[in-house]
Each structure stands twice: as structure tokens, then as C-alpha cells.
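> For reference, the structure I am asking about is given below.
FYI, it's all coordinate maths here, none of it is from the lab. For clarity, every value in this text was computed on a predicted model and none was experimentally measured. When we count neighbours, we look across all protein chains shown, and the Cβ atoms used for this are built from the backbone with ideal geometry, even at glycine.
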Amino acid sequence: MGGVSPLVNTDLLDRVRDRLAQAAGDPTPATVAEAIRSESGGVLGDADLLAVLRELQTELTGAGPLEAILAEPGVSDVLVTGPDQVWVDRGRGLERAAVRFADEAAVRRLGQRLALAAGRRLDDAQPWVDGRLGALGNGMGVGNGTFGVRLHAVLAPVAQGGTCLSLRVLRPATQGLEALRARGTLEPAAYELLVRIVRARLAFLVVGGTGAGKTTLLAALLGEVDPVERIVCVEDAAELAPAHPHVVRLVARAANVEGVGEVTIRDLVRQSLRMRPDRLVVGEVRGPEVVDLLTALNTGHDGGAGTVHANSPDEVPARLEALAALGGLDRAALHSQLAAALQVVLHVHRGADGRRRLVQVGVVSPDAHTGRVTIVPAWTVGSDRAPGAELLRALLERRGSG
């Protein structure tokens, strides 16, 4: 608090917080000032009153001390693992931020307030939360050009080191393939190949690790879809915003504090089939919805797409096996569906320098004897030859995009 009066102390701040917590409605500058005067017995001078008011307003509005970081262009994640451990990802990996919280209680209070803003509960009986916060303009610390912030929080003692906050800025993925080529994300040969894949209506998955640029590439590819086609996107958190004139976006919803109102990705995939989609897209496949997606792609919905968290194309079949098991589909059935529904896997990777690149295009290849699917490289960055190149070329020719 710098050189303000010793009358301004942690005890006073705690009493003011408790008073505001008991009041109805959201605190305003006037109600905060009145609470400060009442709890201080009216003995604070104007300078002290303003100092307390500034500190409490920072804590009680938006994302508190994290507000300024979240508003920075290029910030994708802000992570808090302790009062003096705030980390930020600006596209170059995690780095320590200068922001500090007063104590563990301050981190906990912020987590609880953000959870409440997301319509969720966070307390000792429910020590973790996953929710979504709105974009700035409605008080959430990030620019209007975003889709808001995804919140995850875990309270101590479940989080052994203290309350952990994970905030991801949901920036709309709007860049086209041309922009990605200009940035070096796509090599010229890969760019031409991707255009042909979209025009041939091949079904594809974009795979990669966290922050590799899966959603960005998916949105760019959807921007290449013929304008006369209708795209229906199903997402857990709205991020896809392809440059296309006919996109319908469906976003899942968690249960409210009463435990009702949940809308799952699987629910939305099923509903989307009744919405006359030309292209069915699942923003991220990470649950039993993979069964419904593959079923849809096997019943006339060509050109579907999605993303899957996997560190390499080789891992994709095993990853989908695990997800399909959640939906009651065994290994043999999954591989049978996969072989008929999916044609291409695109692998994006973020290097140590933060650069995101398409590093491989793989083609789905079922074994004639076992029926098991493998992903065969058809194009690899830095290589002129790939074993699946001829297989993909033949597939494109059959689809009229040779």
C-alpha cells in the first residue's frame, strides 16, 4: 500500500470484503466507498480512502491483477500457481509475469469470483471448476475481438501448492490459408495440397499438441470450402470463425450450479445432423462424440473435419480407440468406421521458438488382412518423398481433384 496510513491494513480490507460479500448485487464504486467508510469508522483521509478504493476495485472487477495481462495482444494463456507465481504464454512458451497477489487468500478469492461470473460454484465442497467468461465490454479483461476466456480453477488442498488458476484467451480463428502460407506455417507445396484436399471433400483431422495451432489451421481450411456449402461447427468453447458466408456454430454448455442444463458435444453432434450440414465439423474431438462423428461421416456427410490432441499422426488410431471406448465402440468397430469415414490427417507442431508449422500430411490406410488403420505419411516438411504420396494422389483423382 506504499506510504498510506497504518489505519489501512489487511484487517480493514478483509472487513470491507466481507461487508461487500453480504450486500445484494454487484459492488459499485459508491457501495465500495461506503463500505470502506463504515468499516474504518470514518477516520480515513481522502488519500487513504482512494488507496483502499483502488485496491478493492482492482480485486473486485474483471480479472483483478490479471486484467492487464489478459488484455495484451498475443497472450493465449495466463496461469497462476501461487501468489508470486504468475505465468503467461505470449506465443513463445511460458514466461514469468511481474504480477503478484497479496497472499493465497487473494488468489482463492479471485478464483471464486471468476467462477461465480461463469455461473459455476467453487468452494471446499466443489474444489474445481471449468467455465467460460465473457469478453471485455462485459468486464472480462480481454478485447472485444475475442470470444472470452476459458477458466479452470482448483482450490487447495486439492492443489497442494495453493489455488491454481488457468485462463485461456479464446481468440477467434479467422486467418485464411493464404495468410498461413505468408507466415511460413504452410510451405507452398503443402498449401496446394490442402486446397485440393478441401475441394475433393476429403474428411480430415488436424492433430497436434497443446497450442500447436490446430484450430487456426482448421478455420483456415474451412475458409476454402465452397461458399454454397453449409458448415455446421460443434465446439466445447467457441473459437472457430472461418471466413465463410454460411457457418452455424453450436457451443456445448456445462451444468449450472443446480446441476442441470448441461448440453454435451455429443448432444450437439446429433442435433447438427438434423440441420442439413454440407460439412460437419467438431472443433475438438475428445470424448464419446467421436462415435457420432464417424457415424455421420459414414452416412453421406463428406468433407467433415475436426481436431484431436495427439503428438503425432501415428498416435491417432490409439487415441480414437480410447475415445470410442467411452462411447461403447470396440477396437474392431472403431477401425472399420475410421477406414470408411476419414481420409487425411494433418499434423501441426509448435517448435521451441514458438513457430507453428504444418509438418506432415498423412493418409488413412487400412490393412487388407487385419482391418487395422495406420496413418501413412503422404507429405512431410523438408522431404521430397513420402510413402503415402501416391495413395493420396489416387484418392484425390477419384474425388475429382487430381
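> Could you give the length gained by full extension between A340 and A68, i.e. 0.36 nm per residue of separation minus their alpha carbon distance, to one decimal place?
93.0 nm
> Treating the angle as unsigned and between 0 and 90°, give the value, to the nearest 10°, between the Cα long axis of helix 29-40 and the longest Cα principal axis of the chain.
In the chain, helix 29-40 runs at an angle near 40 degrees to the longest axis.
> Further question: For the chain, what does the helix formula give at 222 nm: sum of -39500 (n - 2.57) over DSSP H segments with n ≥ 4, over the residue count, nearest 500 deg cm²/dmol?
-10000 deg cm²/dmol
> Which of the peptides 193-204, 64-75 is most tightly packed, and how do the rest follow, judged by the mean count of other Cβ atoms within 10 Å per residue?
Ranked from most to least packed, the peptides come out as 193-204, 64-75.
> Once phi is turned into θ = phi - 60°, what whole-Hz ³J(HN,Hα) does the Karplus curve with 6.51, -1.76 and 1.60 give for every residue of segment 369-384, x standing for Gly and Pro?
Each residue of segment 369-384 in turn: 9, 9, x, 6, 8, 10, 9, 9, x, 10, 8, 9, 4, x, 10, 8 Hz.
> Given (i) 24.9, 86; (ii) 21.4, 79; (iii) 25.0, 80 as candidate values of Rg and Dmax of the Cα atoms in Å, which corresponds to the one derived from the coordinates?
Only one option fits the structure, namely (i).
> OK, next. Order the peptides 367-374, 314-321 from the highest to the lowest mean number of other Cβ atoms within 10 Å of their residues.
In decreasing order of mean packing, 367-374, 314-321 become 314-321, 367-374.
> Further question: Can you find, among A71, I231, A33, the residue farthest towards the positive end of the dipole of the chain? Put +1 on the C-beta of Lys and Arg, -1 on that of Asp and Glu.
The residue sitting farthest along the positive end of the dipole is I231.
> Which whole-number percentage describes the relative contact order of segment 73-231, with Cα contacts under 8 Å and a sequence gap of 6 or more?
Reported as a whole number, the value is 17 percent.
> Relative to the longest principal axis of the chain, what angle (0 to 90°, nearest 10) does the C-alpha long axis of helix 389-398 take?
Tilt relative to the chain: about 80 degrees.
> Going by alpha carbons, how many degrees (0 to 90, nearest 10) lie between the helix axis of 104-117 and the longest principal axis of the chain?
60
> Among DSSP beta bridges lying fully in the chain, give the percent that are antiparallel, nearest 5.
So the antiparallel bridges amount to about 65 percent of the total.
> Ok, one more. In terms of modelled amide H atoms, which long-range or inter-chain residues lie less than 5 Å from the amide H of T374?
Result for T374 returns S365, D367.
> Sequence gap at least 6, Cα distance under 8 Å: using those rules, report the relative contact order of the chain to the nearest whole percent.
Averaging sequence separation for qualifying contacts and normalising by length gives 11 percent for the chain.
> If you place +1 on the Cβ of every Lys and Arg, -1 on the Cβ of every Asp and Glu, and leave all else neutral, what size is the dipole of the chain about its Cα centre, to the nearest 20 Debye?
Magnitude of the dipole: close to 1060 debye.
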